[in-house]
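The values are calculated or read from the model by the stated rules, or taken from the named source; none is laboratory data. Keep in mind it's a predicted model, so treat the numbers as computed, not measured. Positions of Cβ are generated from backbone atoms using ideal geometry, with glycine treated the same way; all protein chains shown enter the neighbour counts. Quick note on the areas: whole protein, heavy atoms, side chains included, nothing else; ligands and nucleic acids left out. Shrake-Rupley method; radii C 1.70, N 1.55, O 1.52, S 1.80 Å.
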Amino acid sequence: MAQSMSIVMVLALIAFAPLAFSQKTGSLNPNFYSRSCPKAVQIVKSVVANAVAKETRMAASLLRLHFHDCFVKGCDASILLDSTGTLISEKRSNPNRNSARGFEVIEQIKSALEKECPQTVSCADIMALAARDSTVLTGGPSWEVPLGRRDARDASLSGSNNNIPAPNNTFQTILTKFKLKGLDVVDLVALSGSHTIGNSRCTSFRQRLYNQSGNGQPDYALDQSYASQLKKRCPRSGGDQNLFVLDFVSPTKFDNNYFKNLLASKGLLNSDQVLVTKSDASMELVKKYARSNKAFFEQFAKSMIRMGNITPLTGSKGEIRKICRKMNK
């Protein structure tokens with residue numbers, strides 16, 4: 001599919017994205033690099049397009065990387081840092097270990113930008129742009145990304161373990177984690193729609209198949225024919241890393257089929273299905289986005305801008321890393 005797309009076609013998808021949104025947010029601005037590095041946005045697009053053309057799954061991975069970064073200390077590229085003698089990497093956390101990926105693509109982008117304009121474009125901004133480009137490349141909406149973030153000089157393993165919504169969290173726990181970041185139930189439902197692309201591991205939803213409430217019984221909120229299909233490759237034990245598409249209808253296309261699946265009791269993760277079983281407000285939003293792809297796209301773009309503005313480092317705070325996986329000396 002995307003593997004066969006020419007880079008020209010892929011870049012055209014970005015240029016003629018379905019919808020475009022512009023918004024200045026706080027001290028961030030889409031034109032932040034217009035003078036200091038005018039080719040920055042295009043360089044990011046080009047590298048992301050190459051990566052997604054080689055592996056369609058990379059789009060979802062880059063989108064998720066931005067999400068997992070922003071929910072820990074804000075959008076500051078702390079997730080990219082490797083462990084050192086004085087720092088424990090967020091890559092070791094439960095949500096990221098054997099799961100977070102795309103780090104090499106971010107480094108490729110950073111390397112290209114360092115050649116074009118040394119120590120100018122932050123790794124945090126690279127991730128925000130890569131998330132937008134990944135969305136567009138798979139058929140989703142576009143938006144102008146507010147820029148001007150700087151990179152953290154620390155990381156938080158505990159924050160990564162505790163702040164990122166988990167597949168088996170209750171609806172209220174997930175909503176609380178969003179509210180603590182200044183986001184609401186509309187953002188929660190819209191951003192959950194990113195599960196229209198990408199994969200999840202057997203270990204992330206096994207309890208729904210065999211032991212949802214600790215009583216040895218499956219989750220009856222899951223369509224049982226769908227559950228039977230999942231059990232074939234997700235047994236009671238073993239196969240932890242086996243991958244399953246989050247949206248079985250159109251797994252590589254960014255669209256509203258994710259919401260239609262939820263209404264058919266075919267959401268893969270517990271954190272997906274609770275959007276229709278545990279909250280009237282979220283249920284109504286799921287119905288709205290299932291009815292209208294346009295409504296979903298418009299809100300997704302707005303919510304991504306809101307998420308990208310979670311406590312960024314700006315001005316003289318933080319630094320502009322030369323290499324994204326380690327702090328400057």
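Quick notes on this one:
- LEU313 long-range amide H proximity, modeled H, under 5 Å: ARG150
- FRET efficiency for ALA281 and ASN211, using Cβ-Cβ distance with R0 set to 25 Å, rounded to 0.05: 0.30
- By the rule of a C-alpha distance below 15 Å, with chain neighbours fewer than 8 residues away ignored, the aspartates and glutamates paired with LYS179 are ASP187.
- Remark: the LYS294-GLN224 segment gains 22.1 nm on full extension, using 0.36 nm per residue and subtracting the alpha carbon distance.
- Measuring between their Cα centroids, the stretch 85-121 and the stretch 265-329 lie 20 Å from each other.
- Measuring only protein heavy atoms, the 1.4 Å probe finds PHE103 accessible over about 40 Å².
- Across LEU209, LEU62, LEU313, mean-square fluctuation computed from a Gaussian network of the chain (C-alpha pairs under 10 Å connected) peaks at LEU209.
- A compact globular protein would have a Cα radius of gyration near 2.2 N^0.38 Å; the ratio found for the stretch 91-168 is 1.26.
- Share of carbon and sulfur in the accessible heavy-atom surface of the stretch 227-329 [1.4 Å probe, %]: 50
- Shape of the stretch 228-329 from the C-alpha gyration tensor: oblate (a/c of 1.5 or more and a/b not above b/c, with a ≥ b ≥ c the square roots of its eigenvalues).
- The chain: most fluctuating residue of ALA53, ALA128, ALA77 per GNM, C-alpha cutoff 10 Å: ALA53
- Members of LYS54/LYS91; LYS73/LYS326; LYS39/LYS73; LYS39/LYS181 lying beyond 20 Å, as alpha-carbon distances in this model show: LYS54/LYS91; LYS39/LYS73; LYS39/LYS181
- Range of Cα positions in the stretch 53-113 per principal axis (Å), largest first: 37, 25, 21
- Each helix, a run of at least 4 DSSP H residues, gives -39500 (n - 2.57); summed and divided by the residues of the chain, these come to -13000 deg cm²/dmol at 222 nm.
- Net charge in the neighbourhood of GLY140 (other residues with Cβ under 11 Å of its Cβ; Lys, Arg +1, Asp, Glu -1) is 0.
- Overall form of the stretch 29-178 per C-alpha gyration tensor (a/c, 1.5; a/b vs b/c): prolate
- Fully extending the segment from ARG236 to THR170, taken as 0.36 nm per residue of separation minus the present Cα-Cα distance, adds 21.6 nm.
- Value in Å of the Kirkwood radius, where the stretch 249-308 supplies the Cα pairs that are averaged: 11.9
- Plainly put, the chain has a radius of gyration that is 0.96 times its Kirkwood radius, both from alpha-carbon atoms, as the Rg/Rh ratio.
- Which of ARG233, ARG64, ARG321, ARG35 is most accessible, then next, and so on - probe 1.4 Å: ARG35, ARG233, ARG64, ARG321
- Residues considered: VAL48, VAL105, VAL145. Largest GNM mean-square fluctuation over the chain, using C-alpha springs under 10 Å, is found at VAL105.
- For the chain, the per residue solvent-accessible surface stands at 43 Å², with DNA, RNA and ligands left out and a 1.4 Å probe.
- Candidates per trypsin sites (Lys or Arg not before Pro) in the stretch 192-227, loop by DSSP, up to 15 other Cβ within 10 Å: none
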